[in-house]
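Engineer: This is the structure, below, for whatever I ask next.
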Amino acid sequence: MKTKLVLGVGANDADYDVCAYGYVNGKQSQIWMCPYYTKWRNMLLRCYSSSELKRKPTYKECTVCKEWLTFSNFKKWMEQQNWEGRQLDKDFLIEGSKIYSPTTCIFIPQSLNKFLTSRGSDRGDYPLGVHVPKRDKIHPYMARCSDGRGVFCYLGYFPTPEQAHQAWLVKKLEVCNEYLLEFKDEPLVIKGLTRIKDKIQYHINTKTELTSF
C-alpha cells in the first residue's frame, strides 16, 4: 500500500513511528515527535503549505531539493550536523538561496537567526535599523541594533535616515565580529558570518543602504 505523501511532496520512509501518543487528562494527545521528522516536516511546510506561504510570503518560490523530499535522506544529513537547539537556515551560507539542500543549508543558533532578522514590519519604509519614534524636526531618526541575544542597543538620533542607517551598520559589524570570535571553531558558521561581514563592510565603505543579508 502506497503511503500518502507529506504536503503532497514528501515521502516519509521512516522504519519507526515518528509520533507517539498518550493520554493527557483522559484525552489522547501527541506526547512526542521525532526531532528529525519535526525539522523535515517544518521545512516542507515552509515551502509547500498554502496557509504557511500566506502567513510568510517571503518563502514563495522556495523549494526542497529532490534528495530531501525523502525523509531518510534528510535525517542522515541532519544526524551529522550540530543541530540541537539550532534552526535550519537555507540562505546563511549563500545569499538569496531559495532551496533547501545539503550544500545550501546549515543549522545556526537562534541568536544568529535573530541577529539577521530585518523586522521590516517595525521599521516601515525606512532603512534597516532606522525608526521614527517621535517627530523631532532636528533629529527625527533613531538607530537601534539587536545583537540577537535579546539586547537592543540604542545608537542615538540623527538628522537623516541615511546617517541613522550607517550608525546601525557600524554596530552590526561590531556584533558580527563578536560572533566570529564566538564560533571560531565552526568553519561553516565562520563562512556564513564572513560573507555577512564583508557585505556590511562594503555598505559602510560605499555609504549605501543594505537591504538584506
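The values are calculated or read from the model by the stated rules, or taken from the named source; none is laboratory data. Here the structure is a predicted model, which means the values were calculated and not measured. Cβ placement follows ideal geometry from the backbone for every residue including glycine, while neighbour counts extend to all protein chains displayed. These accessible areas exclude ligands, DNA and RNA; they are computed on the full protein's heavy atoms, side chains included. Shrake-Rupley method; radii C 1.70, N 1.55, O 1.52, S 1.80 Å.
Engineer: Based on this model, can you work out whether LEU188 counts as in contact with a strand residue (DSSP E or B) (Cβ under 6 Å, 6 or more places away or on another chain) and more than 24 Å from TYR126 (Cβ to Cβ)?
Structural biologist: Values: in contact with a strand residue (DSSP E or B) (Cβ under 6 Å, 6 or more places away or on another chain): yes; more than 24 Å from TYR126 (Cβ to Cβ): yes.
In short, yes.
Engineer: I'd like to know if region 37-49 contains one or more residues that are over 20 Å from ASP91 (Cα atoms) and of a type in the set (Phe, Trp, Tyr).
Structural biologist: Checked region 37-49: at least one residue is over 20 Å from ASP91 (Cα atoms) and of a type in the set (Phe, Trp, Tyr).
Engineer: Same structure, new question: Please specify each residue of region 41-60 satisfying the condition of being at pLDDT below 95 and not in a helix (DSSP H, G or I).
Structural biologist: LYS56, LYS60
Engineer: Go through region 4-25 and give me each residue that's farther than 21 Å from MET43 by Cβ and either in contact with a Cys (Cβ under 8 Å, 6 or more places away or on another chain) or not hydroxyl-bearing (Ser, Thr, Tyr) (or both). Walk me through it before giving the result.
Structural biologist: At the first step, the residues of region 4-25 found to be farther than 21 Å from MET43 by Cβ are 20-25.
Result: ALA20, GLY22, VAL24, ASN25.
Engineer: Could you list, in sequence order, all residues of region 88-145 that are within 10 Å of the chain's Cα centre (by Cα), modelled with pLDDT of 90 or more and in a loop (DSSP other than H, G, I, E, B)?
Structural biologist: Result: LYS90, ASP91, PHE92, LEU116.
Engineer: Output the qualifying pairs, or none if there are none: Cβ atoms under 8 angstrom, residues six or more apart or on different chains, first residue in region 63-85 and within 17 Å of LEU5 (Cα to Cα), second residue of a type in the set (Asp, Glu) and outside any helix (DSSP H, G or I).
Structural biologist: Pairs found: THR70/ASP13; PHE71/ASP13; SER72/ASP13.
Engineer: For region 15-29, what are the residues that are open to solvent by less than 90 Å² (accessible area, probe 1.4 Å) and either farther than 30 Å from ASN82 by Cα or not in a loop (DSSP other than H, G, I, E, B) (or both)? Steps first, answer last, please.
Structural biologist: Narrowing region 15-29 to residues open to solvent by less than 90 Å² (accessible area, probe 1.4 Å): 16, 18-20, 22, 24, 26, 29.
Those that are open to solvent by less than 90 Å² (accessible area, probe 1.4 Å) and either farther than 30 Å from ASN82 by Cα or not in a loop (DSSP other than H, G, I, E, B) (or both): CYS19, ALA20, GLY22, VAL24, GLY26, SER29.
Engineer: Another question, then. Within the group GLU67, GLU79, GLU84, which residue is of a type in the set (D, E, K, R), modelled with pLDDT of 95 or more and touching a helix residue (DSSP H, G or I) at 6+ places or on another chain (Cβ under 6 Å)?
Structural biologist: Numbers: GLU79 fails: touching a helix residue (DSSP H, G or I) at 6+ places or on another chain (Cβ under 6 Å); GLU84 fails: touching a helix residue (DSSP H, G or I) at 6+ places or on another chain (Cβ under 6 Å).
Only one candidate passes the filter, namely GLU67.
Engineer: Looking at LEU53, LEU5, LEU45, LEU88, can you tell me which residue is loosely packed, with under 15 Cβ neighbours inside 10 Å and without any contact (Cβ under 8 Å) to a residue 60 or more places away in the chain?
Structural biologist: Working: LEU53 fails: loosely packed, with under 15 Cβ neighbours inside 10 Å; LEU45 fails: loosely packed, with under 15 Cβ neighbours inside 10 Å; LEU88 fails: loosely packed, with under 15 Cβ neighbours inside 10 Å.
Selected residue: LEU5, the only one of LEU53, LEU5, LEU45, LEU88 that is loosely packed, with under 15 Cβ neighbours inside 10 Å and without any contact (Cβ under 8 Å) to a residue 60 or more places away in the chain.
Engineer: Could you list all residues from region 146-193 that are open to solvent by 20 Å² or more (accessible area, probe 1.4 Å), small (Gly, Ala, Ser) and modelled with pLDDT of 95 or more?
Structural biologist: Scanning region 146-193 gives a single hit, ALA167.
Engineer: Output the residues belonging to region 194-203 that are touching a helix residue (DSSP H, G or I) at 6+ places or on another chain (Cβ under 6 Å) and open to solvent by 30 Å² or more (accessible area, probe 1.4 Å).
Structural biologist: Scanning region 194-203 gives a single hit, LYS197.
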